[in-house]
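Remarks on the structure that follows.
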There are 2 protein chains.
Amino acid sequence: MSVTAYEKELLDMLKKISHYEQAVNVMYWDMRTGAPKKGEEYRSEAIGQLSADVFQMRTSKRMKELLDALSAQKETLPPDTQKAVEEAKKDYELNSKIPEDEFKEYTTLTSKAESVWEKAKKASDFSLFAPYLEKIIEFKKRFITYWGYEGHPYNALLDFYEPGMTVETLDALFSELRESIVPLVQKIADSRKKPDTHFVQEHFPKEKQRELCHFFLKELGYDFEAGRLDETVHPFQITISPGDARVTTAYNESDFRSALFGTIHECGHAIYEQNIDEALSGTNLSEGASMGIHESQSLFYENFIGRHQSFWKRYFLKLKEANPEQFKGISAEAFYRAVNESKPSFIRIDADELTYPLHIMIRYEIEKAIFSGDVSVEDLPKMWNEKYEAYLGITPPDDAKGILQDVHWSGGDFGYFPSYALGYMYAAQLKSKMLEDLPEFDRLIESGDFQPIRKWLTERVHVHGKRKKPLEIMKAATGEELNVGYLIRYLEEKYTKLYL
Amino acid sequence: MSVTAYEKELLDMLKKISHYEQAVNVMYWDMRTGAPKKGEEYRSEAIGQLSADVFQMRTSKRMKELLDALSAQKETLPPDTQKAVEEAKKDYELNSKIPEDEFKEYTTLTSKAESVWEKAKKASDFSLFAPYLEKIIEFKKRFITYWGYEGHPYNALLDFYEPGMTVETLDALFSELRESIVPLVQKIADSRKKPDTHFVQEHFPKEKQRELCHFFLKELGYDFEAGRLDETVHPFQITISPGDARVTTAYNESDFRSALFGTIHECGHAIYEQNIDEALSGTNLSEGASMGIHESQSLFYENFIGRHQSFWKRYFLKLKEANPEQFKGISAEAFYRAVNESKPSFIRIDADELTYPLHIMIRYEIEKAIFSGDVSVEDLPKMWNEKYEAYLGITPPDDAKGILQDVHWSGGDFGYFPSYALGYMYAAQLKSKMLEDLPEFDRLIESGDFQPIRKWLTERVHVHGKRKKPLEIMKAATGEELNVGYLIRYLEEKYTKLYL
């Protein structure tokens, strides 16, 4: 067979995989947005079947043959195909190194573990979840030896979500960040300049919230012809296929912030997905570069736009018109201060932007300890609580508000949490560079003209899809390596102004 | 391999097919209920891919080996497996007899033909659609020779939707039906006792209609834990999987009848699907026995319950409360008469229950003529219009209101129309038998107690799924062969009372 014939076969296979993934994504989205209860079991089975078929295609003998043949003549291929081959190869190796039986056992374990975790969280009893966590960690440790790694074993997991990221890099970034944030959090705790936040927990009818969420999505440039907004228990963004990047949100009638900022956050993810180069559609490059880069886009929209003072100068009246009673006597400035309140809290997903990175660092350090064998599962709650005390000055009252709060470990997603903090660093660095090109940034936001901002991000980040690695994107977009200084400066400036 | 091993492998394969069908069904439902426009092309491709995979599984060499092995030892199999083997074999033979290339060409042709038909209908110009129709008919004629048939070639197509049905049977049934209906329609046209219908076309806000549709679905016993109601351009019922039988409806704000009776109609289909024996789940028997039997259930709900005088004795007030202005001064009796208005009309789907079978007979006779070679495509509009004049006393003013009104032919669905009329005959015969067991039928409806009616239908029809052939179901449920007399009697009694 000629190289061109091999290339065509690979691209056809990747396209077929993308069709299967579309089916899986629609089934998942539907299950979350209102599929009837009595079909749940069959739905899980169908998702399991099609996911297994995708796994099989990705690790098939034919896939290996194609990848070997194409890798041998890589330089004759178009650049996008070269990248697609690299990606598919990485994928093949990650998956095919695990014996099929073990992978099946692991999949069954994690799918059970999620419901065990749910129960344990409800009962606020870590000991219920511990045996499952122990087994998941054992599997993961074995997988790491199959995959191989350089330096710290945890690097194998980091690379999974953030290609190229290592413990060595993260340790340096996080320690710098911690050294600035922890004292700042302390100073804020001691400050007497506290915002008035009583009004955020008035009653806000769901219908009004829904209208506002639609409004803000449109304002920010979310394309409703290539997506839709629905309601779910937990908000998420899901890409069904090219031209179909959906957003969901959760409405809390006694706190408008969760739906509002949740929607703006998911909007950032979706705008990323809606602006990936169409030429990549149907290939394995038609997705975000990494979890961290994805998070940089959602956090950019949520924090740098949605929590910006200029944003509320423009839009507070809109919010007030929709809820005149609830916001009676509140000024745009007071509102801005209230939605930027910072204080230590137990739950990561409710944390403000200043304390949020500390929640991530705690998880990072614990995961690192798990995989270097420095801590046993039974000691984890103690370690968790001690770190909350050390970094945030608070001790979780129980496991539900402590170590059981996040779903990730039940699915074996170790190495995922750092992406949240990395995304934040990427976002701050991008914003700093953006200000050089768009010095009128604040004015653009105040005038509701988001197009230049979106265009800047699209050209430097979105359009590339998975063509480039995260750090390549950052280097090309900002001209330098990842630098946590931008995030530190942003937080110090903003929170000093607000509180000190 | 042992018989048991073969059996297991077949059942696993059928289950896998059902998972793929679930994926296709969710993707289709989603496309109709609000998937974003820009993802449409990818959606069609994914549906095409998974449908092709289903086709391949159904016609695979392994499928044939399994079916041959199991057929050879049929009597040792459990009864349900015997039926499943029979069904899968029929399926295999229908599909595998068509050369793959020809089938692909045909699929491409029909998917193009639908949009050509749409344009032709919009332009009301049959000549635009004629070349496509001609080719589709050529394919279908060739397929018939591949499949083989006894008697009339059209029998091969009838059997597809209504196993066991033949031209010979239908000719007899339809001529008897026509001989009673045509004079009755004429008498009604001459009658001076006409209902007042001015109020049916008031303005009815969509939101109120939606609430009422939910209300009636619940009242009639539709299980919302095993389904949901959504809005689409054309109403339909779709079964996603066991435990998930969905209904859609179309709201017309200037005529409440379409959503109301459309929903009750689809409710009948859905209640059928919701009550198929769970033991059949995941097999090829977990669906309705035939198109006609399915239609018998939807028509039973729509006409024998939804258009029953007792039904509106109970529910008219409910409707009036929701729309007090629109129904001002209207009595339950006047309402009942208005929603049972009968008069000749051009469009099948808007036809009343008395004239409806005539629309079907016209299509049946035309299709029969097409496949016996008695008419050319270019002469079809003339034939169509002449038959409308002969049976209904009206001549369609143009092609859009005549021969171009239905989508079926563009998809090659010849032989489908008779199922609508057969469903009607089945329903009337079932109802007549039901009255022996439930002589209090009218009172049950007036008291909103639909459970005994539902139970009766479930035990005799729903539960069996595809275990039995249509005529076996009728025989077992009513103790006799299909008898059009019940429908004739029902129509004569009802419409004589209303009009004469």
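The values are calculated or read from the model by the stated rules, or taken from the named source; none is laboratory data. As the structure is a computational prediction, the values presented were derived from the model and not from experiment. Counting neighbours? That spans all protein chains shown, and the Cβs are built from the backbone with ideal geometry, glycine included. Remember, those area values only see protein heavy atoms, side chains included, never the ligands or the DNA or RNA. Shrake-Rupley method; radii C 1.70, N 1.55, O 1.52, S 1.80 Å.
A few notes on this one:
- Surface composition of the protein assembly as shown: carbon plus sulfur atoms contribute 50% of the solvent-accessible area (1.4 Å probe, protein chains only, all chains present).
- Once backbone amide H atoms are built at 1.01 Å from N, A:Ser281 has no partners under 5 Å, excluding neighbours fewer than 5 places away on the same chain.
- In the full protein context, chain B carries 42 Å² of accessible surface per residue, based on a 1.4 Å probe and ignoring ligands, DNA and RNA.
- The translational diffusion coefficient of the stretch B:129-500, from Stokes-Einstein at 25 °C and 0.890 mPa s with a Kirkwood hydrodynamic radius over alpha carbon pairs, comes to 114 µm²/s.
- For the stretch A:168-304, the share of alpha carbon pairs falling in successive 5 Å distance bins from zero is 2, 9, 15, 16, 15, 13, 12, 10, 5, 2, 0, 0 percent.
- Rounded accessible area of B:Arg337 (nearest 10 Å², 1.4 Å probe): 40
- Rg and Dmax, both from the Cα atoms of the protein assembly as shown and both in Å, are 32.6, 95.
- Straight-distance crosslink candidates among lysines, where the alpha carbon sits under 17 Å from B:Lys187 and sequence neighbours closer than 8 are dropped: B:Lys343, B:Lys494, B:Lys497
- By accessible area with a 1.4 Å probe, ligands and nucleic acids excluded, highest first: order of A:Arg363, A:Arg454: A:Arg454, A:Arg363
- Filter on A:Lys119/A:Lys466; A:Lys16/A:Lys431; B:Lys15/B:Lys37; B:Lys16/B:Lys119; A:Lys83/A:Lys455 - keep pairs with C-alpha separation over 26 Å: A:Lys119/A:Lys466; A:Lys16/A:Lys431; B:Lys15/B:Lys37; B:Lys16/B:Lys119
- Projected-area average for the stretch B:3-96 over all orientations - Cα convex hull basis, square nanometres: 6.5
- For A:Lys89, label point 7 Å along C-beta direction: distances to other copies, nm: 5.2
- Kirkwood Rh and Cα Rg combined as Rg over Rh, evaluated for the stretch B:95-234: 1.08
- Identity and axial distance of the chain B residue whose Cβ lies nearest the axis relating B to A, Å: B:Ala23, 2
- Positive-end residue of A:Met1, A:Thr263, A:Ala427, charge dipole of chain A with Cβ unit charges: A:Thr263
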